[in-house]
1. So, in Å, what gap is there between the alpha-carbon centers of the stretch 259-290 and the stretch 328-389?
2. Using the Cβ atoms and a cut-off under 14 Å, what net charge is assigned to the surroundings of GLY232, where Lys and Arg are +1 and Asp and Glu are -1?
3. Using amide H atoms built in the peptide plane, which far-off residues or other-chain residues are under 5 Å from ILE381 H to H?
4. Can you give the net charge of the other residues whose Cβ lies under 15 Å from the Cβ of LEU99, counting K and R as +1 and D and E as -1?
5. Assuming R0 = 56 Å, can you tell me the calculated FRET efficiency for the pair ARG343 and GLU317, based on Cβ-Cβ distance, to the nearest 0.05?
6. Just to be sure I understand: if I project the alpha-carbon convex hull of the stretch 50-335 onto a plane and average over all orientations, what area do I get in nm²?
7. Give me the distance in nm between label points sitting 7 Å out from Cα along the Cα-to-Cβ direction at LEU202 and ALA307, one decimal.
8. Any chance you could check the Cα centroid distance between the stretch 153-204 and the stretch 71-125 for me, in angstrom?
Amino acid sequence: MSKPALSTPGSAQHLRQRQRKNLPDYDPDSDLSESEGLGGLRSQVGNTWEDDEETAVDDDSYVQRTLRKEKPLPPITWRNFYREINVISTLALTIVPVLAIYGAITTPLYRSTLAWSIIYYYFTGLGITAGAVEGSIRWWARGHRAHHRYTDTDLDPYSAHKGLLWSHVGWMVVKPRRKPGVADVSDLSRNQVVRWQHRWYLPLIFGMGFLFPTMVAGLGWNDWRGGFFYAGAARLLFVHHSTFCVNSLAHWLGEAPFDDKHTPRDHIITAFVTIGEGYHNFHHEFPQDFRNAIRWYQYDPTKWFIAIAAFLGLATELKTFPDNEVRKGQYSMKLKELQKDFRDVKWPKSSNDLPILTWEQFVEESDKKNGRDLIVVGGFIHDVTEFIDEHPGGRALIKTRLGRDATTAFHGGVYDHSNAAHNLLAMLRVGVIEGGYEVEHLKKKVGVFRKEQQIPICGPKSLETISAPESPALEVKPIYT
């Protein structure tokens, strides 16, 4: 028996094991301190993300390994819920609607302010972060990438499996029971704009969230209160819940035309509510594609905005997934739906599941008194006892062909029946004629052959006296047992 391979000092495997032991545990929120900035991020993170990928191969999946290793916080109860509240997020989610409601009651809304509020709603909705007061670029992207990598698991920061309310706002109101899974944001950590915005995020949210919209309305048409309450607070309230619906409604309402492995769904209502993010199934299946909607008529202003920015040279390297692979996903889901329908439909028996009768046996069965009304079409024996009185063409057309081969009549000789008629007839199968021949058709062919060859119907030179090779023995199953 061969001995298991050992990792010798200096080997690549040994080096990886040694590096893993020396790596600190990755804290996804450790670099969010405003006082420390982002200067030491790379030195702390190192290649933790890549090592986690390698470890996932060696020891089960990363999700299962992490869930076994890290214990969740205790469940929230009436006794401890006040200690588990995320104070900052909760204040932001309660103060903004209070301001919006108070402003709506006490402040008149002018057309100019309404128009500005709608414009700024789209502007900050497309931008998501500072003006929308939803976290810095790096913080938001880190959570979003974790959501994509661990969709619907306990490492998903806003898993839809925890309920609609949780995925909408619950994950922000209370402290998470588990730390979100590792996500690589090293590219963002190296970006100077992202670093600057993360460092000055607090003044930016007040400046872009409230000060800027207030000043536009105040300096523009002297509506300072309207600018603050409508373009500031009310607009921010709508932006918040529009974005939150991407995590909740987009994982609950609609269909999965590309893949149903996870909860993301496509729906036009969600698209209108979320500024085009309603085609979420596509987004999760093809996350690197800059589009959410792939049809020109589907509502996706974010896609249009990015496309215009690219045309003006403000956006580069736009990614789209190969159309052939997108169509494969759609085709696979259509097949799944067809398979579900197929299982729910009752289908006729095949020839392998039916008894085989010779023509003589079929005629004998048909001639029995108090027997069933049998007819042959396409080599199959059909029991039309219960259908004969319901035949749209009348009882007589079927009755004259009982005990006979009605293939020619059924296929256009008398009437060219519809596909539905073919399906209905197939459900009446009770047996198969040996050889599967259309007897009426063969009889006519024999008659024509006799005339052409001048073969007598009877006598020493008739067809009945011409020898033919014997067919192999065939087991005959009776209709009745």
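1. If you average the Cα positions of each part, the centres end up 44 Å apart.
2. Details: positive: ARG225, ARG235; negative: ASP223.
So the environment of GLY232 carries a net charge of +1.
3. VAL430, GLY431, VAL432, ILE433
4. Taking every Cβ under 15 Å from that of LEU99, the sum is +2.
5. Working: r = 45 Å, r/R0 = 0.81.
Computed FRET efficiency for ARG343 and GLU317 comes out at 0.80.
6. On the way: hull surface 72.8 nm².
If I average the Cα hull's projected area over directions, I get 18.2 nm².
7. If labels sit at LEU202 and ALA307, their model points lie 4.3 nm apart.
8. 18
Values in this text are rule-based calculations from the coordinates and carry no lab data. Here the structure is a predicted model, which is why all the values come from computation and not from measurement. Virtual Cβ from ideal backbone geometry, glycine too; neighbours counted across all protein chains shown.
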